[in-house]
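Read the structure below first, then the notes.
The values are calculated or read from the model by the stated rules, or taken from the named source; none is laboratory data. No experiment lies behind these values; they were computed from the predicted model shown. In this analysis, Cβ positions are derived from the backbone assuming ideal geometry, glycine residues included, and neighbour counts consider all displayed protein chains. Heads up: the accessible areas ignore ligands, DNA and RNA and are worked out on the full protein's heavy atoms, side chains in. Shrake-Rupley method; radii C 1.70, N 1.55, O 1.52, S 1.80 Å.
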Amino acid sequence: MQSFPEFIKYLWQRLGSMSLAIILLVVLSVASVIGTVLLQNQDQTDYLQQFGPLWYWVFRSLGLFDMYHTWWFLTILGFLMLSLTSCLWRNVPKMLKEMRSRKATVSAKALKRFNYLKQWQLSSETDTNALQESLRQRLQGWEFRLVEEGDTQYLRADKGRWNKWGYILVHSAILVILVGGWMGAQYGFRGNMAVPEGKSEKEISFLQGTETGHLTMPFEVRCNSFSIDFFPTGAPKEFRSNLTIIDGGKEVLTSDIIVNEPLYYKGVRIYQASFGDGGSDITFKLFHMDGSEAITTAKTQVYKSWIDTDTGISLKITDFKPYNVENMANPGEPKKFQDLGPAVEYEMRGPGLKAVKIKAFMNPFIDADGNNQGSFLMISLSGDKADYKPVALGLDLTNKDEWKLFHAFLRHLAALTENGKQTKEANLEAFKAAMTEVFGDNRPKGFQQMAMRTLQAVNMLPQLPWPILPMLDDFNQHYYTGLQLAQDPGMNVVWIGSALLVIGLCIMFYMPHRKLWLIIKPNDAGIQVSLAGMANRNHLVFNKDFHDLFTKMDNDFASFSS
């Protein structure tokens, strides 16, 4: 039976064992790999779609979606810190004592076990001081200690005797880094903030496990302006926000930020993370599909809904983009990017209608040959953007005369068509009559293409089940800047630990501890001189240096004997 103090002592020793430290490091490494591969703090629906119900609940119960804040991960981290603390507590005093002591004497039994050992037999008249001086001259920059024990002289030489500081610093650095990581996990935060142009915000949101958390900052962030540049492919090249920090009702700091160049205030780093529509003003041109030729307008904003009281049609505006660059090349051809112009996305609902998602473009489509192919939409019956299908409307709805021409053509065609049978001759005569009605004797430029678009619209527009056709007419762009605010009180601690780790590794690998003994001992034949050495690493290099030193000392001793 052990007493309680003895049990605590035993437990403390076991905590500092290398085997336990290795096990904890392996477990922590495996957990960190999982946390790296499995994206942390994502939306729960994304996890559910990715893994399915079974694995979703397994991973959720283990806390793998916010692993670095789980009790078991922090427990492993805590045990590893305790293990390193115990190791340092037990071994640092011994290492410091060993580095200071520098025992110079070597027993005869120990001398025989040296891997590096050379011996000479010299005459008794040899000057021992000259022997010692020869070693000192050959080992410039080494530290020496002379001890005499009886009639035997021991001259110890050391280089890099503070090498064990490397081990101390490396273990201490790992402990400091773990403490810094723990501080960041416990007291730090990282959250998102969306600030529209001209407005301010002070609350961030972040995913915390399976829930969304909110945190109010001690200051406000106002977005004065936002600008963005694009690559020819349509990808964002650079987006920049001009921000003002408002603290206590006073403007204390104004600065631009771009990606990877954050703004720092009161320990909080403000990063440029994303951007999006901040509630742009949208004007729709509504084309009534009841044959009345009526065109009305509707004004709304992104993220808001508009309802037509006459038809019951509702439009929920979900997004707006002033640039829509698409690859217009055919399959197998080199990519050819083209900006299709501004487009608004909305969800249309109405009585007796299936909800659809629509992307309406402001400009007509101009093909590679410069031909106007008319206005077009992208329609998704499932509501998923991935299911968008292009729908060519035929008419160029930016030209109100084409809308008139379309209805005039339908009226004249109905009057000329016999028994509901449509002929080419009737189409041609109806179109001529419609052109005269809309334009008189002045034919517009490109009326042949207008005729083709009109015929396409006759086949397409009646298939649309909607009482109105909303098309983007005008807009006033407003962006929001997506910011990420982060505070990590352990970051500087981690940097300090990283610096200590680099210094410690450099000492360990590039400052090996080399020890040499010159032992001068009288015997019946004169004087026996022994040169012994050892090194804690880089034995191949030390072997060469020792034999070079042996050769030089052999020459020196030969001259002394002569």
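Structure values in brief
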item: Hey, Lys515 open to solvent by less than 60 Å² (accessible area, probe 1.4 Å), charged (D, E, K, R) and outside any helix (DSSP H, G or I) or not; result: yes
item: Test result for Trp165, buried (at least 17 other Cβ atoms within 10 Å of the Cβ), within 28 Å of Asn129 (Cα to Cα) and of a type outside the set (Gly, Ala, Ser); result: no
item: Residue match in the stretch 432-451 (condition: within 30 Å of Ser227 (Cβ to Cβ) and of a type in the set (Ser, Thr, Tyr)); result: no
item: Residue list for the stretch 294-307, filter: more than 38 Å from the chain's Cα centre (by Cα) and exposed (fewer than 14 other Cβ atoms within 10 Å of the Cβ); result: Ala294, Thr296, Thr297, Lys299
item: Test: Thr85 is more than 27 Å from Arg161 (Cα to Cα), among the polar types (S, T, N, Q), assigned to a helix (DSSP H, G or I) and open to solvent by 30 Å² or more (accessible area, probe 1.4 Å); result: no
item: Any hit, the stretch 64-74, residues being under 30 Å from Lys9 (Cα atoms) and among the hydroxyl-bearing types (Ser, Thr, Tyr); result: yes
item: Filter result for Thr216 (open to solvent by 60 Å² or more (accessible area, probe 1.4 Å) and either of a type in the set (Lys, Arg) or in contact with a Lys or Arg (Cβ under 7 Å, 6 or more places away or on another chain) (or both)); result: yes
item: Pair list, Cβ < 7 Å and 6+ apart or interchain, from the stretch 118-141 residues that are free of Cβ contacts under 8 Å to residues at least 24 places away in the same chain to residues that are surrounded by 11 or more Cβ atoms within 10 Å (Cβ to Cβ) and of a type in the set (A, V, I, L, M, F, W, C); result: Arg136/Phe144
item: Sole residue being under 30 Å from Phe361 (Cβ atoms), at pLDDT 90 or above and open to solvent by 20 Å² or more (accessible area, probe 1.4 Å), chosen from Phe439, Phe475; result: Phe475
item: Candidates Ala486, Ala457, Ala433, filtered to the one that is in contact with a Lys or Arg (Cβ under 8 Å, 6 or more places away or on another chain) and either on the phi > 0 side of the Ramachandran plot or of a type in the set (A, V, I, L, M) (or both); result: Ala486
item: Selected residue (criterion: least open to solvent (accessible area, probe 1.4 Å)) from residues of the stretch 150-162 that are at pLDDT 90 or above and among the charged types (D, E, K, R); result: Asp158
item: Matching entry among Val37, Val26, Val30 (being of a type in the set (A, V, I, L, M), over 19 Å from His171 (Cβ atoms), open to solvent by 60 Å² or more (accessible area, probe 1.4 Å) and at pLDDT 85 or above); result: Val30
item: The stretch 98-125 - residue that is out of contact with any helix residue (DSSP H, G or I) (no Cβ under 9 Å at 6 or more places or on another chain) and in a helix (DSSP H, G or I) and, of those, surrounded by the most Cβ atoms within 10 Å (Cβ to Cβ); result: Leu111
item: Only listed residue being touching a Ser or Thr at 6+ places or on another chain (Cβ under 8 Å), part of a helix (DSSP H, G or I) and in contact (Cβ under 8 Å) with a residue 24 or more places away in the chain, chosen from Phe509, Phe557, Phe550; result: Phe557
item: Segments classed as helices (runs of 4 or more DSSP H), wholly inside the stretch 394-488, with at least 1 members that are more than 26 Å from Asp319 (Cα to Cα), in contact with a His (Cβ under 6 Å, 6 or more places away or on another chain) and without any contact (Cβ under 8 Å) to a residue 24 or more places away in the chain; result: 424-439
item: Which numbered condition Phe206 fails, given (1) hydrophobic (A, V, I, L, M, F, W, C); (2) open to solvent by 70 Å² or more (accessible area, probe 1.4 Å); (3) part of a strand (DSSP E or B); result: (2)
item: Within the stretch 131-157, tally of residues that are farther than 22 Å from Ala535 by Cβ and either part of a strand (DSSP E or B) or of a type in the set (Asp, Glu) (or both); result: 6
item: Number of the exception - Thr128 against (1) farther than 19 Å from Gln528 by Cα; (2) surrounded by 15 or more Cβ atoms within 10 Å (Cβ to Cβ); (3) β-branched (Val, Ile, Thr); result: (1)
item: Search result, residues across the stretch 42-72 that are open to solvent by 40 Å² or more (accessible area, probe 1.4 Å), acidic (Asp, Glu) and part of a helix (DSSP H, G or I); result: Asp46
item: Residue within the stretch 264-275 that is in contact (Cβ under 8 Å) with a residue 40 or more places away in the chain, more than 19 Å from the chain's Cα centre (by Cα) and surrounded by 14 or more Cβ atoms within 10 Å (Cβ to Cβ) present; result: yes
item: Some residue of the stretch 309-323 being loosely packed, with under 13 Cβ neighbours inside 10 Å and outside any loop (DSSP other than H, G, I, E, B); result: no
item: Positions within the stretch 379-389 being part of a loop (DSSP other than H, G, I, E, B) and open to solvent by 40 Å² or more (accessible area, probe 1.4 Å), in sequence order; result: Leu381, Ser382, Gly383, Asp384
item: Scan of the stretch 168-180 for residues that are open to solvent by less than 40 Å² (accessible area, probe 1.4 Å) and under 23 Å from the mean Cα position of the chain (by Cα), ordered by number; result: Leu178, Gly180
item: Of residues in the stretch 232-263 being under 17 Å from the mean Cα position of the chain (by Cα) and not in a strand (DSSP E or B), the one farthest from Met491 (Cα to Cα); result: Val259
item: Failed criterion for Gln448 (all others in (1) open to solvent by 30 Å² or more (accessible area, probe 1.4 Å); (2) at pLDDT 90 or above hold); result: (2)
item: Sole residue being more than 22 Å from Phe206 (Cβ to Cβ) and of a type outside the set (Val, Ile, Thr), chosen from Leu38, Leu80, Leu74; result: Leu80
item: Enumeration of residues in the stretch 339-378 that are open to solvent by 50 Å² or more (accessible area, probe 1.4 Å), within 25 Å of Phe230 (Cα to Cα) and outside any loop (DSSP other than H, G, I, E, B); result: Asp339, Ile366
